[in-house]
Amino acid sequence: MGVATIGLILLVAVLLQGSVIPVIPMFNVEPGLVLLAIVGWSFLRGAGETLAAAAIGGLLLGLSSSAPFGTDLLALVPVAFLLILAESSAVEKDLFFSLTATFVCTLIYQAVVLLILQSLGQPTAWLPSLLKVAVPSAVVNTLLMPFIFWLLQRVRDRLPVTAQEGW
Amino acid sequence: MSSRRLFWLFMMLVAGVASLFLAHNGWSRPAEGVLQRGMVPLEGVFSKVADGAGNFFGALADLGKLRKENERLRQEVDRLTTLVAQMQEAKEENQKLRELLDFTAERKKDEFLVARVVSRDTSAFAQTVAINKGSNQGLREGMSVVTNGGLVGRVSQVYPTAARVLLITDPNSAVNTVVQGSRAAGIVSGRLDGSLVMEFVQQGDKVDKGNLVLTSGLGGNYPPGLLVGQVKDVAGDDLEVFKELHLQPAAKFDRIQYVLIITNFLPMKLE
């Protein structure tokens, strides 16, 4: 049930990210709804569903992005790894922790995408890409996280209380 | 971390590398086409929502001007009904298509196909849009895409029922252009922030603010004479070999709903 739910959430997120988000003027920065949903869901449902969410999210992003198919899936591997590590760590999972995780995960995701594009032969301007795209996007994602988390929490609360699914 | 999770993480890594390898060699295109077939109708529904949102945020951007107009419009709002709103929507759509039709009438030698923009690129590093026409309707990679405003880009990926258009504002796009009047030549490409820059313009060439920039046809990638933008700023020191022109794009990229694909012009292949 949890995996199906996050699958549906991610489908809506990717459709919104490709249609509604680009027409909202936000200083040329677009939030990554799919990434936010994966990070948020990971904190709510645990490591098992994180992997499933990252895999589904990566595939859906691959379909809606001009980057070669697989780029997003690959970029989400270190993100999923970090989220699973974070869950198993002894650090207290408070608001500050989840906001920091969102910021770091966005930066890592964008950096890996850049790295893959560069390794495929695309000209990559690292400094402008990081300063004009990755960092602003990480800031916007971090600011949006509390709202996304609240939304996901409401969805999670409607799910039947069962053992967590996932891989 | 459990070994089971590590195993699935590793499988995800393998799947990612495999997909990338297949995609990079173009072997995954048929499978992507099948999946795209499922996505296009959904994207179509969401793009209609986006049109509404775009109009809303566009209006917000013009708030100053709209305030005065709002007073006048407020008196009219009461009279509006749902039916009238729907008719207005249809009228706007009709108007956009009519403008495209006028544009096609101006370029009699070209053959056009109308397509609707169904989604924007989800990648932060690329400027592309997906359209609802594909190889089934005769689209081929490299075809030029325009609106009544001007050049939009070129078809970069084609699936049976959908295609992706690389916008001229993408950093990987390069368009051979000339400045109208002075015939100063250069290459227009995009920047990460979505702006448009004309590079490699000879320092001695005379260019003024407000000059129009058109495709030159050089290189055979785009037909000549398509409006690309207008010069809004000339940068570059007199001692430099080239000057850089900052352009105002002719097409309104943030509000594109329909585009025209020039179907009788294919880019030249050098091999």
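Would a scan of the range A:88-96 turn up a residue that is surrounded by 17 or more Cβ atoms within 10 Å (Cβ to Cβ), within 11 Å of chain B (Cβ to nearest Cβ), of a type in the set (S, T, Y) and touching a residue at least 40 places away in the same chain (Cβ under 8 Å)?
No.
Of the residues making up the range A:28-49, those that are more than 9 Å from every other protein chain (Cβ to nearest Cβ) and over 9 Å from the mean Cα position of the chain (by Cα) are A:P31, A:W41, A:S42, A:F43, A:L44, A:R45, A:G46, A:E49.
Kindly check whether there is at least one residue in the range A:98-109 that is within 11 Å of chain B (Cβ to nearest Cβ), under 18 Å from A:V133 (Cα atoms) and under 12 Å from the mean Cα position of the chain (by Cα). Checked against the condition, which is being within 11 Å of chain B (Cβ to nearest Cβ), under 18 Å from A:V133 (Cα atoms) and under 12 Å from the mean Cα position of the chain (by Cα), the range A:98-109 yields at least one hit.
Out of everything in the range B:18-38 that is surrounded by 15 or more Cβ atoms within 10 Å (Cβ to Cβ) and without any contact (Cβ under 8 Å) to a residue 24 or more places away in the chain, what residue ends up being farthest from the other protein chains (Cβ to nearest Cβ)? Explain how you work it out, then say what you get.
Keep residues of the range B:18-38 that are surrounded by 15 or more Cβ atoms within 10 Å (Cβ to Cβ), which gives B:19-20, B:22-24, B:28-29, B:32-33, B:35-36.
If we keep only those that are without any contact (Cβ under 8 Å) to a residue 24 or more places away in the chain too, we end up with B:19-20, B:22-24, B:28, B:35.
Working: B:S19: 3, B:L20: 4, B:L22: 7, B:A23: 4, B:H24: 5, B:S28: 5, B:L35: 5 Å.
Out of the qualifying residues, it is B:L22.
Within the range A:57-73, the set of residues being buried (at least 23 other Cβ atoms within 10 Å of the Cβ), modelled with pLDDT of 85 or more and outside any loop (DSSP other than H, G, I, E, B) comprises A:G57, A:G58, A:L60, A:L61, A:G62, A:T71, A:D72, A:L73. The residues listed here are A:V155, A:V113, A:V133; of these, the one that is modelled with pLDDT of 90 or more and under 25 Å from A:S98 (Cβ atoms) is A:V113. Within the range B:136-149, the presence of at least one residue that is touching a Pro at 6+ places or on another chain (Cβ under 7 Å), under 10 Å from B:T263 (Cα atoms) and buried (at least 23 other Cβ atoms within 10 Å of the Cβ) is confirmed.
The residues of the range A:63-72 that are over 9 Å from B:L20 (Cα atoms) and at the interface with chain B (Cβ under 7 Å from one of its Cβ atoms), listed by number, are A:L63, A:S64, A:S65, A:S66, A:A67.
A count restricted to the range B:39-48 and to residues that are surrounded by fewer than 20 Cβ atoms within 10 Å (Cβ to Cβ) and over 19 Å from the mean Cα position of the chain (by Cα) stands at 3. Among the residues of the range B:104-143, the ones that are within 24 Å of B:G217 (Cα to Cα) and not aromatic (F, W, Y) come to 20 in all. Taking the criterion of being under 26 Å from B:L35 (Cα atoms), of a type outside the set (V, I, T), assigned to a helix (DSSP H, G or I) and free of Cβ contacts under 8 Å to residues at least 60 places away in the same chain, would at least one residue in the range A:20-39 satisfy it? Yes, the range A:20-39 contains a residue that is under 26 Å from B:L35 (Cα atoms), of a type outside the set (V, I, T), assigned to a helix (DSSP H, G or I) and free of Cβ contacts under 8 Å to residues at least 60 places away in the same chain. Regarding B:A53, is this residue without any contact (Cβ under 8 Å) to a residue 24 or more places away in the chain, within 8 Å of another protein chain (Cβ to nearest Cβ) and either exposed (fewer than 12 other Cβ atoms within 10 Å of the Cβ) or over 30 Å from A:L74 (Cα atoms) (or both)? In short, yes.
If you go through the range B:192-210, how many residues are farther than 21 Å from B:V241 by Cα and not acidic (D, E)? Residues meeting the conditions: 4.
Considering the range B:149-162, and only residues there that are hydrophobic (A, V, I, L, M, F, W, C) and within 13 Å of chain A (Cβ to nearest Cβ), the residue that is nearest to B:L101 (Cα to Cα) turns out to be B:V155. Would you check which residues across the range B:117-148 are among the polar types (S, T, N, Q), within 14 Å of chain A (Cβ to nearest Cβ), more than 11 Å from the chain's Cα centre (by Cα) and more than 11 Å from B:A163 (Cα to Cα) and list them? The answer is B:T122, B:S123. Here the strands (runs of 3 or more DSSP E) wholly within the range B:172-271 that include at least 2 residues being within 16 Å of B:V145 (Cα to Cα) are B:175-179, B:185-190, B:212-215, B:227-235, B:258-262. Report yes if A:L16 is in contact (Cβ under 8 Å) with a residue 24 or more places away in the chain and at the interface with chain B (Cβ under 7 Å from one of its Cβ atoms), otherwise no. Criteria not met by A:L16.
Checking the structure you have, find out if any residue of the range B:241-249 is under 15 Å from B:E141 (Cα atoms) and either buried (at least 16 other Cβ atoms within 10 Å of the Cβ) or without any contact (Cβ under 8 Å) to a residue 40 or more places away in the chain (or both). No: the range B:241-249 contains no residue that is under 15 Å from B:E141 (Cα atoms) and either buried (at least 16 other Cβ atoms within 10 Å of the Cβ) or without any contact (Cβ under 8 Å) to a residue 40 or more places away in the chain (or both).
Residues that are touching a Gly at 6+ places or on another chain (Cβ under 9 Å) and among the charged types (D, E, K, R) within the range B:99-146 comprise B:E99, B:R107, B:R116, B:R120, B:D121, listed in sequence order.
When we screen B:T215, B:T177, B:T169, B:T128 for residues that are buried (at least 19 other Cβ atoms within 10 Å of the Cβ) and in contact with an Asp or Glu (Cβ under 8 Å, 6 or more places away or on another chain), the only hit is B:T128.
So which helices (runs of 4 or more DSSP H) stay within the range B:10-128 end to end and still have 2 or more residues that are of a type in the set (D, E), at pLDDT 75 or above and over 22 Å from A:I24 (Cα atoms)?
So the answer is B:82-106.
The values are calculated or read from the model by the stated rules, or taken from the named source; none is laboratory data. Bear in mind that the values here come from a model prediction, so they are computed numbers and not experimental data. All Cβ positions, glycine included, derive from the backbone under ideal geometry; neighbour counts span all protein chains shown.
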